Each structure stands twice: as C-alpha cells, then as structure tokens.
1. Pull up segment 221-248, narrow it to residues that are acidic (Asp, Glu) and out of contact with any strand residue (DSSP E or B) (no Cβ under 8 Å at 6 or more places or on another chain), then point me to the one that is modelled with the highest pLDDT.
2. Taking segment 161-192 on its own, how many of its residues are touching a helix residue (DSSP H, G or I) at 6+ places or on another chain (Cβ under 7 Å) and in a loop (DSSP other than H, G, I, E, B)?
3. Does segment 88-98 contain at least one residue that is surrounded by 20 or more Cβ atoms within 10 Å (Cβ to Cβ), in a loop (DSSP other than H, G, I, E, B) and either within 21 Å of the chain's Cα centre (by Cα) or modelled with pLDDT of 95 or more (or both)?
4. Residue by residue through segment 27-65, note down the ones that are assigned to a loop (DSSP other than H, G, I, E, B) and either touching a residue at least 24 places away in the same chain (Cβ under 8 Å) or in contact with a Phe, Trp or Tyr (Cβ under 7 Å, 6 or more places away or on another chain) (or both).
5. Here is a check on your reading of the model: is ASP261 within 30 Å of VAL63 (Cβ to Cβ), part of a loop (DSSP other than H, G, I, E, B), under 30 Å from the mean Cα position of the chain (by Cα) and at pLDDT 90 or above?
6. So which residues in segment 26-67 are among the charged types (D, E, K, R), surrounded by 16 or more Cβ atoms within 10 Å (Cβ to Cβ) and either under 17 Å from the mean Cα position of the chain (by Cα) or closer than 21 Å to TYR196 by Cβ (or both), if there are any at all?
7. Inspect all residues belonging to segment 179-198 and state whether any of them is more than 16 Å from the chain's Cα centre (by Cα) and buried (at least 18 other Cβ atoms within 10 Å of the Cβ).
8. Could you please find all residues in segment 138-153 being crowded, with 20+ Cβ neighbours inside 10 Å and either part of a strand (DSSP E or B) or at pLDDT below 95 (or both)?
Amino acid sequence: MQKNGSLSIHSENIFPIIKKWMYSDQDIFVREQISNATDAVTKLEKLSLIGEWTKPSDFKGRVTVTVEPEKKTIRFSDNGIGMTAEEVEKYITQIAFSGATEFIEKYKDKANSDQIIGHFGLGFYSAFMVADKVEIETLSYKEGSTPVHWVCDGGTEYSMTDGEKKEHGTDITLHLNEDCVKYANEWELRSIIEKYCSFMPVEIYLDKLPKDSEIISKEEKLDSDVVLEEIPEKVEKDEKGEERKTEAKLKIEKRPVLLNDTHPLWGESPSSVKKEQYLDFYRKTFHDYKEPLFW
C-alpha cells in the first residue's frame, strides 16, 4: 500500500510544547523579544539607507524594557519598523513565519543580512513560556497606517482591533503567570539582559514603573528629564564648625538605564585601542574586577 499526504500540526498543542521544550532556559524569552525589537529598528535603518524611509535628523533607534512589579508585567518597546494589521496576521498568527527571512529576501541586493538576527515567529511565542496573556500595540512606519492592538491569552484564540499607538514601532506586553513573577524585578531583568544582549547593535534601556527618583546637579539635567523637585543650595557646618555651602540640586524621575555596548571592542582597530579600554571590556564581560593575566 502506498499513500502520500502531509504532516499536520494541531495548533492547540503548540503552546505546551513551547512552554516546556522549546528552550532549555526559561529566561531566553527576554533575548527573543529584544532580538525581535532590535531587528525592527535595524530594518528601519536599512530602509533609510536605500531611500525607502526618510530618517528624521533626531531619530535614534532604541529598545526599552519596562517592568511593573505591582502589575506583574514586562513591556518590550522599540521605535522600529512596526507592523500593519496584515503584517500582524502574517508574522504573528502564522506561527514560525519569519519576517526577518522575508525582509532579507525582498532586499537581498540592498540589505546586509548579517544585521537581521531574529525570527518574528517561534521567537515571539517564547513569551508564552512565562505569560498568561500577551498584548501587542504596533504602528507601521508606512504613511497612513492604522495602529493595531493584538491580544492572546495563550490559547489558539486572539483578538485584533485598532490600536492607539501614535509613533511607529511596537510594544509587546507580557502579563506574567504566577510561576514566573520573579521576572517582574528590575535586577533580575538586568542580569538576564546583560547575559544575553550586552553587544546587540541597538541601544537597550531598562526602566521601572512606578519610577524611582534620583538626585542630580543642575548641570547634569537633560531635556528629557522629569523634574520632581528643586533642592535649593544651603549652608551647613562641617565637623570643625566651619560653614560650607552645598550646591543646588534637582530631584528627577530615575532615568532608564543603558545596558549594552553597541560598539564592542572587537569592532575597533587593535592599534587604536588603549589599555584601559581592554581592561574595561574584560571587567564588564567577565565580571572580574581584577586585571587579566594577559590580553
């Protein structure tokens, strides 16, 4: 007897497989979401280089990971290429369809494929290793696009409606399940990001809500800072009883923390690298604050 056919995949069985077997380390979901966000920014930069997108003079690609411990959520945001409703259908609802592969094929004569590192397929679905619900808010860079809001609770059903996003890019929010709330911690996330993403080509920032505060001098203030309080200068007496004037300070919302190096040392000419740069690279990479025996 001879019979020809095609293998079938039952979508209702895919999530248990993803949660249990897709990755050996559960924390890899952070790398997968950041890789996708980095790709989105990299694609937009490529489109600018080949004249298909006009890059604003003040544009700077970035990825921001925002944790809200009280809400048990993590949000991965980028200001990259974004998606239309049709693209969400293709790249999100068709599991393992690779947007990166399609992009490279379309622009293979113009784009450097080495810069496109992720799959907006199984990689995205690693979010369901730790989340009961995942939301996407996205707006394509294409003129006249409508923002899209997509929600899935980890089953085979999803909903997609018009969104509210004003700027191009994508926000992916993970509502963590009870077994994974440990990831709703900025220090845990910082450790994971530094472990997997230290040298990705787009700046990666870590933020926390509600925001903490920090004290800076007036000279350190940036245009983007949110000032909570102005602390006036005052006169104090030191241990010897002598008067000492303290400078005026500003209390601001804590700034997002930059966690990666987009220009790693191996990209530099060896003759231009100074000893202290080598030592800094060694300390940061190997978390060893002693000097290396040789380099």
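The values are calculated or read from the model by the stated rules, or taken from the named source; none is laboratory data. Keep in mind that what you see is a predicted model, and the values were worked out from it rather than measured. A quick note on method: Cβ atoms are made from the backbone with ideal geometry, for glycine too, and the neighbour counts reach across all protein chains shown.
1. Top of the filtered list is ASP223.
2. Total meeting the criteria: 0.
3. Yes, because at least one residue in segment 88-98 is surrounded by 20 or more Cβ atoms within 10 Å (Cβ to Cβ), in a loop (DSSP other than H, G, I, E, B) and either within 21 Å of the chain's Cα centre (by Cα) or modelled with pLDDT of 95 or more (or both).
4. ASP27, ILE50, TRP53, LYS60, GLY61
5. no
6. Those that are among the charged types (D, E, K, R), surrounded by 16 or more Cβ atoms within 10 Å (Cβ to Cβ) and either under 17 Å from the mean Cα position of the chain (by Cα) or closer than 21 Å to TYR196 by Cβ (or both): ASP27, ARG31, GLU32, ASP39, LYS43, GLU45, ARG62.
7. Yes; the residues of segment 179-198 include at least one that is more than 16 Å from the chain's Cα centre (by Cα) and buried (at least 18 other Cβ atoms within 10 Å of the Cβ).
8. THR138, LEU139, VAL148, TRP150, CYS152, listed by residue number.
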